[in-house]
Every structure is written in structure tokens, then in C-alpha cells.
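In what follows, a single structure is set out as C-alpha cells and then discussed.
The values are calculated or read from the model by the stated rules, or taken from the named source; none is laboratory data. Since we're looking at a predicted model, the values are computed, not measured. Neighbour counts are summed over all protein chains in view; Cβ atoms, including those assigned to glycine, are modelled from backbone coordinates with ideal geometry. To get the accessible areas, we keep the full protein, side chains included, count just its heavy atoms, and leave off ligands, DNA and RNA. Shrake-Rupley method; radii C 1.70, N 1.55, O 1.52, S 1.80 Å.
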Amino acid sequence: MNLKMSCYFSNTLVLLLLLLASLSIFCSSNPIQDSFHQCLSQLDTQSFTQLPNLFFTPNNTSFIPILNSTAQNLRCVASYAAKPELIFTPLQETHIQTAVVCAKKLGVQLRFRSGGHDYEGLSYTSVMDPPYVVIDLAKLRAIDVNLEDNSVWVEAGATVGELYYRVAEKSKTHGIPAGLCTSLGVGGHITGGAYGSMMRKYGLAADNALDAKIIDANGRILDRKAMGEDVFWAIRGGGGGSYGVIVSWKLKLVPVPETVTTFNVGRTLEEGATSILYKWQQVAADKLDDDLFIRVMISTSSVPNTTQRTISTTYNALFLGDVGKLQEIMQQNFPELGLKKEDCFEMTWLESVLFIAGYPRTVPTSVLLAAKPAFLNYFKAKSDFVTKPIPEKGLEGIWERFLEEESPLMIWNPYGGMMARIPESSIPFPHRNGILFKIQYVSSWMNPEKEVMNKHVDWIRKLYNYMAQYVSMFPRQAYVNYRDLDLGMNDKDGSDTSFVKASSWGTRYFKDNFNRLVKIKTEFDPDNFFKHEQSIPVLPLKGNIQRFKHWKRGKGKKKIHH
């Protein structure tokens, strides 16, 4: 029933509708579903006359389609993956507030999904024991562009593709420095940092966040002023799902030229790929103009007219300028690639978003409003950060391992530029000066069998072990938006995890910023309501905050006793 129409009916009819809705939703009794539904309808009677269209249990025929609707990793919705007790799809902020209050009252774990890109599916599945409920924010996707103050408010369920489109609709010379994948949900994306093809020029989306609205464990909606600078610092790169529910972000608009230039240039082993990639490592971060972003996609391919396979490297680039200037820069700093004018395409910044994301040039920019991923598969991914060039011998070791796998992929993203100038402690995202590039490792497959999954996961773990000698150390860094449960996780039974245990992944994702994240979490969410497999832990007793401060000042010489 429409919300406005419901206001005209008597309370008796509203209660009758709620009763009928409850009967239609539940074919068999489930204590969590029943209790949650009852709590929601009691706390917000008028809004929850809409419950039949917002509330989905496993008995509902729409449950699996909705669960799968924005799940990017099919591994996380396979038959062997855990499923939520129910899915709730709020239409407005008050719905989320009520859901948080009810979940806390009933002791139910919540998972929040904006775009469904979590690599381990932690926004919609779980490997922990406690039952959980998914709050799917896909219906909250309003975007308000304000060119007067160079900002945009965007709700958590909108995708970065929609955001880019709406900004470009208002201005051809404004952009947002956020993700490369257009189906990313804005809400969770920015909580991990959010890098893209303008990161060397403007930094991360989280570096350009001006404000946010978050719902805390007590159901309050807080903006930057109300949450305080500590919490606002923590949510810009400290990972999703630890402090509250992100409802919306206010982001800074940045200037972009009316014409930008892109290119895709491929080189195989037979065309000198190894030596070209070795040179790329030496120039991509430190020598190239801040306006130029060149990432490398590494995969396998067939050698023409043979049954043999080879390694393919594709240089995928955005330059914030025209083709003439680009050619000058490339000839001076990276002539080894052999870039030709015919390799380059001049276009608008919005068109470059599609180009970088891998869409054919014939696809119209309006496809960004479809908010759907271009590719779906089963995958396992990992990440690393590199501080000195990997020698050619090391690259050859990668090639040997790649040729043993069916569909391997590595993506090398260059750092440097603005990324090297922003201090490590500016926001929780710490991978700054000294990082040459980030590696993303991916193994993907299409067979749903668990044995097939185990084979591919085993391969990527072995490659990751091989790479240890060539990447950052003490800690070996990882990107929090590429969640990796191999690095460790909170206690499976849902009980609070120690600071020391959580450091196994916390220091990899956040380095020394992890200490401050724990302190803020302990003060802001002392009951550890917002929890998942790799959420920021709380110190066991509030009195331990003082001990934590002393530990931090002593640079870890004193251990926290539990």
C-alpha cells in the first residue's frame, strides 16, 4: 500500500493489514523472522504497512533473486554459502534506524549491502555462526549535484556509474575521483578508500569526502558535526561495517578537461612484455605526469596459429589532456611501450569511465544508469603493495605460475603523484609515499562445484606465497576493499576478538592507523554491535582505553592484557 494513502485509513485497518502481511510472509514460524518483523511494525506502524514489499524471508519466492541481485561474487551466493534469515530493503532513513534498533534489541547481527562488491561477500553472507539479517540499501540512490559549492550528496545505494553520469549531466568539466568499476555501491566503496583513474591527480574518493550521514548503534542519524572528527576520520578508509550504517556521502567535485585521452595497448611475451613491464615499474609512479594514469592488466592468451598459451599485458590509460601532450610525455618517459597516435582516443571524461571499465566504444553512456555489472563469475582475490621494482627473473616466475591456471588475472595500479603527497595518517587508508603500485590478484571460474573452487583458491594462495619476496614487508600490506579472509578473522562464534588477534589483518590494511581505529570503535560502539568477520574490534573494558593510549605512546612496548 502507498504510504500517503495509508494515512487515510483507520488504525484498525492498518493493524489488520499488518496481520495479513505477516501471514503472507511467513509460511512456517521462525523466531528471528517473527521477532524482527514484529519489532519493526511496532516501532514504525505507518511506514511498515509497506512491509510486504520490503521484507523477504527464505519462504518468499523473491528472496533468492533479491539476494543474488547485486552479488558480484557468485562464490558467495553458491549453494554452500550461508544465507541470511531475511532481507530488508528500506526506502528511507527511518526504516534503517528502526531496523538497527530492533536488531540491537533482539541481539541479531546485521549486514549492510550497498553495491554487493565485497570480495568475500561479507555484506550479504557470513562464515560466522550467529544468524544474521541483510539490510539491502539498493533503493536509496538519490544524487544531488551542487555546482555552486562543487559538491554532491549521494545516497549509499547509488552506484559510482550513476554518480558519474549525474555529475556529467550537470557539467562536462566536473568529475569525481572514485572507482573504476561502475557498478560499485557508493556507500561501502568510500569506506575503504575508493581509488580510480584520477587517484594520481586528486587522491581517493575518501580523501575528497566532505561530509557523511551515518546511523549509529542507537539508531541516531549523525552528520560530520554530530559524529565528531574522530568518527568521520575512521569511516573514510577504515573499512565498512564497523562503526555504523553509511546512509549518504557528500563528495567534492574536481575539475576535469572537456577532452581527455585514453588508450589500450597490448604486449605479449613475444613482443617484449617482460622488459616493457620492468620499465613501467620504474616510471609509472615516479616519472609520469600526475595527469597520466596507466594501469596494467596481466592475463593469459593463445599464441596465434598454435596450441600454445602466452602472457598478455594490456596498458589501460587515462590522460587528463589531449593526445598531443600525451604523446610528448610517453616519448620522453616511456618510449618502450611504443605508443602510437592511432592507439589513442580523445573523448569526454564520462566516456573515459566506460573505456577504462572495458565497455566497447559503441555503448552509450546511459548504460551507467542500468547500475549492473558487466561481468559475473566465481572468484577469489588478494592484494599486495610493491615498494621496489620486481626484477625480470621475478616476473618470469609469475609467468610460469600463470600458465598453470585457467583464467588468472593481475591488475597493477600505479601510485605516486598526489597519493605520495598525502600523509599516511590523513585518513585510515595508509598506502601512500613509497608505494610504486598495488597488485590485485584474481582467479575466476564458472563451475559452481566446491571442489573446483578449492582448486582455484589453492592456486592463488600459492602465487601469493611466491610473491612475498617481492612486495611490502612488516607489515605485508593489503587493501581493505579487497577483503581477504585468509589474513585472519574475528572469532567464529561471534564473541569479541582481542586487539592482538585482530592486528593480524588490521595492521595489513591500516598499518599504524589500526591503533586509532580501535580506540575510536571502543568509544563510539562500545558494545561492538557493528560486527563482521574483519570488523574493527573493541578493547575488552572501557578502562583499557587509558592502557591503550599508554601502549600507543610506548610504540607497542607494553602489551594490553585481557
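Within segment 301-313, residues that are more than 20 Å from residue 439 (Cα to Cα) and without any contact (Cβ under 8 Å) to a residue 12 or more places away in the chain have Cβ atoms under 7 Å from residues that are open to solvent by less than 60 Å² (accessible area, probe 1.4 Å) and not charged (D, E, K, R) in no pair, counting only partners at least 6 apart in sequence or on another chain. Figure legend. Inter-residue proximity from segment 250-262: first residues within 22 Å of residue 340 (Cβ to Cβ), second residues aromatic (Phe, Trp, Tyr) and assigned to a strand (DSSP E or B), beta-carbon distance below 6 Å, spacing 6+ or different chains. Indicated pairs: 261/319; 262/345. Only one of the listed residues (179, 187) is crowded, with 22+ Cβ neighbours inside 10 Å, outside any strand (DSSP E or B) and in contact with a helix residue (DSSP H, G or I) (Cβ under 8 Å, 6 or more places away or on another chain). That residue is 179. Among the strands (runs of 3 or more DSSP E) lying completely within segment 91-168, list those that include at least 3 residues that are surrounded by 19 or more Cβ atoms within 10 Å (Cβ to Cβ) and touching a residue at least 24 places away in the same chain (Cβ under 8 Å). Here the list reads 109-113, 132-136, 151-155.
When segment 290-304 is limited to residues that are exposed (fewer than 14 other Cβ atoms within 10 Å of the Cβ) and either among the β-branched types (Val, Ile, Thr) or in a loop (DSSP other than H, G, I, E, B) (or both), the one that is farthest from the chain's Cα centre (by Cα) turns out to be 304. Would segment 274-289 turn up any residue that is part of a strand (DSSP E or B) and buried (at least 17 other Cβ atoms within 10 Å of the Cβ)? The answer is no; no qualifying residue exists. Selection of first residues in segment 414-441 that are of a type in the set (Lys, Arg) and of second residues that are in a strand (DSSP E or B), restricted to Cβ pairs under 8 Å at least 6 apart or on distinct chains, gives the following pairs, ordered by first then second residue: 438/383; 438/384; 438/385; 438/386; 438/412; 438/413.
Residues that are in contact with a strand residue (DSSP E or B) (Cβ under 7 Å, 6 or more places away or on another chain) and under 24 Å from residue 411 (Cβ atoms) do occur in segment 216-237, at least one of them.
Is there a residue being over 22 Å from residue 416 (Cα atoms), in contact with a strand residue (DSSP E or B) (Cβ under 8 Å, 6 or more places away or on another chain) and either modelled with pLDDT under 95 or surrounded by 19 or more Cβ atoms within 10 Å (Cβ to Cβ) (or both) anywhere in segment 199-212? Checked segment 199-212: at least one residue is over 22 Å from residue 416 (Cα atoms), in contact with a strand residue (DSSP E or B) (Cβ under 8 Å, 6 or more places away or on another chain) and either modelled with pLDDT under 95 or surrounded by 19 or more Cβ atoms within 10 Å (Cβ to Cβ) (or both).
Within segment 50-62, is there a residue that is open to solvent by 50 Å² or more (accessible area, probe 1.4 Å), at pLDDT 90 or above and either under 11 Å from residue 87 (Cα atoms) or among the β-branched types (Val, Ile, Thr) (or both)? Yes, segment 50-62 contains at least one residue that is open to solvent by 50 Å² or more (accessible area, probe 1.4 Å), at pLDDT 90 or above and either under 11 Å from residue 87 (Cα atoms) or among the β-branched types (Val, Ile, Thr) (or both). When the helices (runs of 4 or more DSSP H) confined to segment 312-424 are screened for residues that are surrounded by fewer than 17 Cβ atoms within 10 Å (Cβ to Cβ) and modelled with pLDDT of 95 or more, those reaching at least 1 such residues are found at 323-333, 392-402, 418-421.
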